[in-house]
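A.B. asks: Dumping the structure here so I can ask a few things about it.
What follows draws every value from the coordinates through simple rules; no lab data is involved. Given the structure is predicted, the values throughout are model-derived calculations rather than measurements. All Cβ positions, glycine included, derive from the backbone under ideal geometry; neighbour counts span all protein chains shown.
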Amino acid sequence: MNNPIICPQCGRDDMAQKVTGIYETGTATGAFQGRTRPLLGLLPDGVQNLSGSTQTLLSRKLTPPPRPAKTSERLLLLVIVGMIMLVVSEGLLVLVGLLLKFPSLGIGFLGLLVGFLIVGGTVLATLVYTRNHQHTIKAWQDAIAIWERLYYCSRNDCIFDPLTRQSVPTDRMDLLLYGRPKPR
Ligand SMILES: [Zn+2]
């Protein structure tokens, strides 16, 4: 890089490290060994193999925003709820119509109307949900793009964006990623 990465707080570059690098080196995934302690003296001392990941406190603070959940499951739930509402309300309508001996033409018309309302409502809710979800995905993609260019200065314990020259305390990375406190 031609222009050096300078921390906006101390005006120097010697303590600045890329956030992605700290996050990756601070998160160790692999196999570990741990000594087991004898349980009430009943079991012998031993060595146990463990696997998993461990993270330093700093790298935990610098964790990238998690990818939003997939949209399909919630959409499916929405459609299922709509279908159940449709079946239940049409069934109730027929039942009430039979009990009160309404003319079948009136019941048919009412049933059609209720059906349209529920199907229309479900379609509308699906469209609104899909649009909101696209906004969420876009916000996440923008946040990741910013996260990838952030630096950490250990002198000031701050995170900064070399592009906008904004800096925040280490635990307020959300302000740089979203320009405001984390949504949700
Ligand atoms: Zn600094």
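A.B. asks: Out of residues 5 or more away from residue 166 or on other chains, whose amide H comes under 5 Å of its own, with H placed 1.01 Å from N in the peptide plane?
C.D. replies: Hits under the 5 Å cutoff: 161.
A.B. asks: Let me ask something else about it. Starting from the alpha-carbon convex hull of the stretch 72-142, give the projected area averaged over all orientations, in nm².
C.D. replies: Numbers: hull surface 19.2 nm².
Result: a mean projected hull area of 4.8 nm².
A.B. asks: By a straight-distance test (C-alpha under 17 Å), which aspartates and glutamates pair with residue 101 as possible cross-link partners, with residues fewer than eight away in the same chain excluded?
C.D. replies: Within the straight-line cut-off, residue 101 pairs with 90.
A.B. asks: Still on this structure, please answer the following. Step through the residues of the stretch 62-76 one at a time and calculate ³J(HN,Hα) from phi using the Karplus curve (6.51 cos²θ - 1.76 cosθ + 1.60, θ = phi - 60°), rounding each to whole Hz and writing x for Gly and Pro.
C.D. replies: 9, 4, x, x, x, 5, x, 4, 5, 7, 4, 4, 5, 5, 4
A.B. asks: Want the number for residue 134 to residue 148: 0.36 nm per residue separation, take away the alpha-carbon distance, what's left?
C.D. replies: Roughly 2.9 nm would be gained on extension.
A.B. asks: Kirkwood Rh over Cα pairs of the stretch 124-184 into Stokes-Einstein at 37 °C, 0.692 mPa s: D in µm²/s?
C.D. replies: For these conditions, the coefficient is 256 µm²/s.
A.B. asks: Okay, moving on. HN-Hα J couplings of the stretch 91-97 from phi, Karplus 6.51/-1.76/1.60, θ = phi - 60°, integer Hz, Gly and Pro as x?
C.D. replies: x, 4, 4, 4, 4, 4, x
A.B. asks: In whole Hz and in residue order, list the ³J(HN,Hα) couplings for the stretch 163-177 that follow from phi through the Karplus curve 6.51 cos²θ - 1.76 cosθ + 1.60, θ = phi - 60°; x for Gly and Pro.
C.D. replies: So the Karplus estimates, Gly and Pro as x, are 6, 9, 6, 8, 9, 9, x, 3, 8, 10, 4, 4, 5, 7, 6 Hz.
A.B. asks: Taking the Cβ of residue 26 as the centre, find all other residues whose Cβ is under 14 Å away and add up their charges (Lys, Arg: +1; Asp, Glu: -1).
C.D. replies: Value of the local net charge: +2.
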